[in-house]
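The values are calculated or read from the model by the stated rules, or taken from the named source; none is laboratory data. Note that the structure is predicted; figures quoted are calculated from it, not measured. Reconstructed Cβ throughout: ideal geometry from the backbone, glycine too, with neighbour counts over all protein chains shown. To get the accessible areas, we keep the full protein, side chains included, count just its heavy atoms, and leave off ligands, DNA and RNA. Shrake-Rupley method; radii C 1.70, N 1.55, O 1.52, S 1.80 Å.
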Amino acid sequence: LQKTLILLQVTLSVVVGKTLMILFPNAMKRYILKLGEKSRMNKNPKFSYENWGPTFFSFKYLLFVLKVKWKRLEDEALEGHPAPNTPVVTLSGEVRHLLDFMEDNRPLILNFGSCT
């Protein structure tokens, strides 16, 4: 049921977004550039709006957003329950799962932080 609701919500969002891009291209370009400011995509001089802007509300965009949202359904962590075996990407770009890093009976410690 949750996946169906996510499918409907994302599909509606993409259809409305694509329609607005056709009807109001300049306003949507400004809106997408604002989104680019939040994610800092527009700070990279080698990556112009023409590279990423038109991909918004495309079929590939729809599939990507669905994949991410559906994966997040599996990542729910509840106190007293086993941790989710979430996929992670190593520094070399290899996709592994969190519990792949467990060794014998040693605890697995996750350290979260941020760099700016």
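Miscellaneous remarks
- Of the residues making up segment 34-48, those that are among the hydrophobic types (A, V, I, L, M, F, W, C), over 15 Å from the mean Cα position of the chain (by Cα) and at pLDDT 75 or above number 0.
- Filtered by the rule that a residue be free of Cβ contacts under 8 Å to residues at least 24 places away in the same chain, open to solvent by less than 80 Å² (accessible area, probe 1.4 Å) and not small (Gly, Ala, Ser), segment 29-46 gives 33, 35, 41, 42, 44.
- Pairs linking a residue in segment 2-23 that is farther than 12 Å from residue 58 by Cα to a residue that is of a type in the set (A, V, I, L, M) and loosely packed, with under 14 Cβ neighbours inside 10 Å, with Cβ atoms under 9 Å and 6 or more positions apart or on different chains, are 2/73; 3/73; 6/73; 20/27.
- Segment 49-73 - residue that is at pLDDT 80 or above and basic (Lys, Arg) and, of those, least open to solvent (accessible area, probe 1.4 Å): 69
- Those residues of segment 1-58 which are of a type in the set (D, E, K, R), under 24 Å from residue 71 (Cβ atoms), part of a helix (DSSP H, G or I) and out of contact with any Phe, Trp or Tyr (no Cβ under 9 Å at 6 or more places or on another chain), in sequence order: 38
- Yes/no for residue 85 being modelled with pLDDT of 85 or more and either assigned to a loop (DSSP other than H, G, I, E, B) or open to solvent by 100 Å² or more (accessible area, probe 1.4 Å) (or both): no
- Yes/no for residue 72 being more than 24 Å from residue 1 (Cα to Cα) and free of Cβ contacts under 8 Å to residues at least 40 places away in the same chain: no
- Subset of segment 1-33 that is charged (D, E, K, R) and modelled with pLDDT under 90 - its residue that is farthest from residue 55 (Cα to Cα): 3
- Where a residue in segment 101-113 is farther than 16 Å from residue 77 by Cα and its partner, wherever it lies, is surrounded by 10 or more Cβ atoms within 10 Å (Cβ to Cβ), with Cβ under 7 Å and at least six apart: 101/108; 102/108
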